Amino acid sequence: MTLTTLARCAALAALATAGLGAQAADWSDTSIGYRYGTDFAEPFNANDIHKNIFNLTHASGYKYGSNFFNVDLLLSDNKDPSSAGATSGAHEVYVVYRHTLDIGKVSGKDFKFGPMRGLGFTAGFDFNTKTDAGYNSKKRMLVAGPTVMFDVPGFLNVSLLALWESNAPYNTFTQTATPRYSYDTHPMLTAAWGIPLGAGFSFEGFANWIASKGSNEFGGGTKPETNIDAQVMYDASGLVGAGKNTFKVGLEYQYWRNKFGNNADGAAGKGAFAKTPMLRVEYHF
């Protein structure tokens, strides 16, 4: 069995298990959100880009594990045009799904040791489609690997995942379509957290370190990338007469060097290095 086939089987198994778990969820949290920033960056684009981002997020837990699902709709201003010569901005849909199976709960064994609360196995996928002038990303990616769950207030999960990624871009300047291309299988060290700080504040986010994925679809090299997205949120539910943890507001910051594996010190330029503050609001139901 090849690694690609193994990854597909792992992802399908996770989806099947998630479907069973969703029918008997012990807890769940679904929210819609909005964030806005003026300093977004895209490789090979020297402009600071304004983006409005709308998201739908769902997280839930059941007897043997947990699910996470997020859809972002990203709307750029005209500094990131939708096509060659367009005065309108690009738009993108980005989907992430992760299922973490708790190995201790499945096996009946205790994996608690020191700061470690438990051990899991995570599988899932990323999917995106974007309309823009130069690349028009159509990313498809499967992920799978072990997860360590730490014993902290809230949660802190750290995973080492293998990534199977491909893309099939289209350049509207040259009207050139590139056949779907698979990068080298590569690892990602990733952390996700949600930690209460007290007085209605919480610290939330994720951090990814992604190794080089070999040559890109145009024959050039790729670089390791670092993507950190963190926010401090405040429970403002009382201001709108809602229940606790219903309405949240906060500040978010994204640090993304060598975005999508493009070299920020090379031809991709400053657009491959995003340092983006954002305002964020969420409504949970």
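The values are calculated or read from the model by the stated rules, or taken from the named source; none is laboratory data. This structure is a prediction, so every number in the text was calculated from the model and none was measured. The protein model used for the area step is the full one, side chains on, heavy atoms only, and it has no ligands, DNA or RNA in it. Shrake-Rupley method; radii C 1.70, N 1.55, O 1.52, S 1.80 Å.
Helix-only arithmetic for the chain: the sum of -39500 (n - 2.57) across DSSP H runs with n ≥ 4, divided by the residue total, places the mean residue ellipticity at 222 nm at -3000 deg cm²/dmol. How large is log10 I(q)/I(0) at q = 0.10, 0.13 Å⁻¹ when the Debye formula is applied to the Cα atoms of the chain, each weighted equally and without solvent? One equal scatterer on each Cα of the chain leads to -0.57, -0.98. Average accessible surface for region 138-269: 49 Å² per residue, computed with a 1.4 Å probe over protein heavy atoms with every protein chain in place. By accessible area, using a 1.4 Å probe on protein heavy atoms only, region 73-225 has 65% of its surface on carbon and sulfur.
The string of couplings for region 52-57 from the Karplus curve (6.51, -1.76, 1.60, θ = phi - 60°) is 9, 10, 10, 9, 10, 10 Hz, one whole number per residue in order, with x for Gly and Pro. Sequentially through region 102-114, phi angles give Karplus couplings (6.51, -1.76, 1.60; θ = phi - 60°) of 7, 5, x, 6, 6, 8, x, 9, 9, 9, 6, 7, x Hz, Gly and Pro residues having no value and appearing as x. Put simply, the amide H of Ala144, placed in the peptide plane, has neighbours under 5 Å in Ala162, leaving out anything fewer than 5 places away on its chain.
Counting only protein heavy atoms and a 1.4 Å probe, region 55-132 has 48 square angstrom of accessible area per residue. Taking all Cα pairs closer than 8 Å and separated by 6 or more residues, the relative contact order of region 184-285 comes to 21 percent.
Computed with a 1.4 Å probe over protein heavy atoms only, the accessible area of Leu156 comes to about 40 Å².
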